[in-house]
Amino acid sequence: MLQQVKIEALNLTVIRGSGQEVLNWATSNNFFLNTETREHLLAYAKGSPIFMAAKYDTSAAKARGLFQGDGTPILITMKTAHIWVPLEVLAIEGQQVQADLYLLTDQPVYTTNLDAMVGQSSVGSEILGASGFVVSFQEKLTPRLFHDLSTDRNMGWVRSDSWLTYLNLDAPEPTVTYDLGVSPSGVIRLAPYGTPPMAVVDGQLSHETHLWLPLLPLGTPQVLLTMIILLSIGGGLFLLVQRKRRAKGRAQV
């Protein structure tokens with residue numbers, strides 16, 4: 001056991017060990033583990049030896065007026081090489097998977113290498129290989145949102161130049177067979193369930209944008225298009241004025 005803490009009526013224990021060791025600990029501490037849960041623990045233990053177990057104190061929950069379905073918000077801070085989100089665990093047999101995912105990053109997030117290279121916004125785009133998984137919103141932190149986040153408890157690490165991205169997943173359970181990572185260039189990567197957490201991105205280096213290539217700022221295509229339109233309008237007006245001047249000069253002659 002690495003750490004034990006109680007938050008309201010929730011008892012949390014952080015443990016480290018092999019998949020079988022975690023299963024043995026959970027069984028000896030009266031956790032119910034069905035076949036699917038056991039398979040998940042064994043699969044994810046191949047990529048990480050750290051797990052967290054949560055158990056409600058029902059007496060404390062009743063004393064606090066909590067009812068079935070009520071939750072307790074918790075903040076977990078851990079240092080990793082890059083973002084990793086185990087989405088496959090949300091897929092409950094026979095149910096539609098509906099999830100909201102918020103990413104707070106130091107640069108914009110994209111769905112493809114091309115978008116990252118040219119600075120094309122991925123908002124409204126579906127993530128490749130994940131039907132129903134869409135980048136719904138993205139913007140740089142506003143001063144007000146930065147203040148609200150950074151002044152909250154244990155949130156002093158938030159940077160004022162961070163980007164907030166909202167992703168929405170709404171897909172049938174059989175199709176959610178992947179976990180998510182974000183590459184160094186900000187591109188969302190998916191990998192089949194069972195891929196070790198760090199390998200979700202690290203195992204796909206051959207598909208990664210070369211980091212020595214410059215990445216254009218977000219919105220560059222829109223800016224270029226606007227400039228082209230303005231230049232076209234300006235050029236057209238210039239030619240029109242020149243023609244009128246020539247026609248006027250000929251009339252005077």
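Before moving on, here are some points about what is shown:
- Neighbours of MET52 by Cβ distance under 14 Å: Lys/Arg scored +1, Asp/Glu scored -1, total +3.
- Each residue in VAL201, VAL5 was given a count of other beta-carbon atoms within 10 angstrom of its own, and listing them fewest first yields VAL5, VAL201.
- The stretch 90-152: GluC sites (Glu not before Pro) in DSSP coil with no more than 11 other Cβ atoms inside 10 Å: GLU93
- With a threshold of 26 Å on the Cα-Cα distance, the over-threshold entries among LYS46/LYS140; LYS46/LYS79; LYS55/LYS79 are LYS46/LYS140.
- Anchor LYS6: aspartates and glutamates whose Cα lies under 15 Å away (excluding residues fewer than 8 positions away in-chain): ASP57
- In terms of the mean number of neighbouring beta-carbon atoms within 10 Å, the peptides 22-33, 40-51, 170-181 order highest first as 170-181, 40-51, 22-33.
- Sequence of TYR110, TYR56, TYR102 once ranked by neighbouring C-beta atoms within 10 Å, starting from the fewest: TYR102, TYR56, TYR110
- Least to most buried among THR80, THR37 (fewest other Cβ within 10 Å first): THR80, THR37
Bear in mind that the values in this text are calculations on the coordinates, not laboratory data. Values in this document were obtained by computation on a predicted structure and should not be read as measured data. With ideal geometry, Cβ positions are generated from the backbone for all residues, glycine too; neighbour counts draw on all protein chains shown.
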